[in-house]
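Taking it in order: structure first as structure tokens, then the write-up.
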Amino acid sequence: MIALADGLPLVRLDDGEVVPFERNWLLRALLSAAERAGYRKWWLAEHVAESVTAYLALQYEGTVVTVPGLTTAVQSALQVIGYGEVAPHVAPGTPAVRLSLVDLAEEAGTGYELLFFNRLGERVQTLINGGTTFLELVDLAPCVRQLRSRKVWSRDCHALQAEIVSFVRTQAQTTPTGEPLTVTLS
């Protein structure tokens, strides 16, 4: 028998890739579905996500759930609590993609900001063109310190951080599918 993290099954995406289940991924899908159904900032999304997560951890017997299977579980939960009008709008999409800015800075080399920006732009565009709808860029502050060769944050670090944020915003403005793209920087 295989023990899965937190007792949660893996999720088989439509392209066959298997990824860990993420509660936040489900929460984003629920908030998006509720908004399409006319509920802005729907307060029950958190509770429904928690209920489906608990079901998968405690009652689901498989080790892998497909996206249609996950969608059915969410829609069933919505029907039971009386929000059937949200159910047809549920579309989990793809999970968040995490990209480490420190890894990109290491690839570029200390002090090679132009190469860093080139690599960052290429990676972001590749992910967007691949259908990513939620992108998490992590390790911003350590990346900036590495590119500036600083152990302590300085004024020029702040300027580079602002440049990176502006660059990412520009890169994320257009998506070929027209799907909204959410980008977080931390």
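Values in this text are rule-based calculations from the coordinates and carry no lab data. Computed from a predicted structure; not experimentally measured. Because the Cβ atoms are built from the backbone with ideal geometry, glycine has one as well, and the counts that use them run over all protein chains shown.
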Query - Label-zone membership for region 12-47, site residue 126, 7 angstrom Cα→C-beta point, backbone N under 20 Å - result: 15-19
**Report entry** Longest site-free stretch - the chain; sites: trypsin sites (Lys or Arg not before Pro), DSSP loop, at most 12 other Cβ within 10 Å
**Finding:** 42-150
Query - Coordinate range along principal axes, alpha carbons of region 1-63, Å, largest first - result: 43, 27, 15
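Which shape class applies to the chain: rounded if a/c is under 1.5, otherwise prolate when a/b exceeds b/c and oblate if not, where a ≥ b ≥ c are the square roots of the Cα gyration tensor eigenvalues? Don't skip to the end; give the middle numbers.
Details: a/c = 2.41, a/b = 1.94, b/c = 1.24.
Prolate shape, in that a/c is at least 1.5 and a/b is the bigger ratio.
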Report summary line: When the chain is treated as a Gaussian network with springs between alpha carbons less than 10 Å apart, the largest mean-square fluctuation among 71, 132, 170 is found at 170
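Evaluate the charge dipole of region 88-137 about its Cα centre and quote only its size in Debye, nearest 20, assuming +1 on the Cβ of each Lys and Arg and -1 on the Cβ of each Asp and Glu. If you can, show how the numbers build up before the last one.
Working: 3 positive and 6 negative charges, 40 e Å.
The dipole magnitude comes to about 200 debye.
If you place +1 on the Cβ of every Lys and Arg, -1 on the Cβ of every Asp and Glu, and leave all else neutral, what size is the dipole of region 62-186 about its Cα centre, to the nearest 20 Debye? Walk me through the numbers before you get to the answer.
Working: 9 positive and 11 negative charges, 70 e Å.
Dipole about the Cα centre, nearest 20: 340 debye.
Explain nothing, just the number: dipole magnitude of region 13-128 about its Cα centre with +1 on each Lys and Arg Cβ and -1 on each Asp and Glu Cβ, in debye rounded to the nearest 20. Don't jump to the answer; show the numbers that get you there.
Details: 8 positive and 14 negative charges, 86 e Å.
Rounded to the nearest 20 debye, it is 420 debye.
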Query raised in the report: Using a simple spin-label model with points 7 Å from Cα along the Cα→Cβ vector, what separation in nm is obtained for residue 81 and residue 107?
Result: 4.0
Query raised in the report: Which FRET efficiency, nearest 0.05, do residue 118 and residue 13 yield, Cβ-Cβ r, R0 25 Å?
Result: 0.30
Requested in this report: Express in nm, to one decimal, how much length is gained between residue 66 and residue 91 on full extension, taking 0.36 nm for each residue of separation and deducting their alpha carbon distance.
Outcome: 7.8 nm
Query raised in the report: So how much slack lies between residue 100 and residue 149, counting 0.36 nm per residue of separation and subtracting their Cα-Cα distance, in nm?
Result: 15.9 nm
Report summary line: Subtracting the Cα-Cα distance of residue 173 and residue 138 from 0.36 nm times their residue separation yields 10.7 nm
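Given the rule -39500 (n - 2.57) for each run of at least 4 DSSP H residues, summed and divided by the residues of the chain, what is its mean residue ellipticity at 222 nm, to the nearest 500 deg cm²/dmol? Spell out each step's value before the answer.
Details: 7 runs with 93 residues, N = 186.
Taken over the chain, the calculation gives -16000 deg cm²/dmol.
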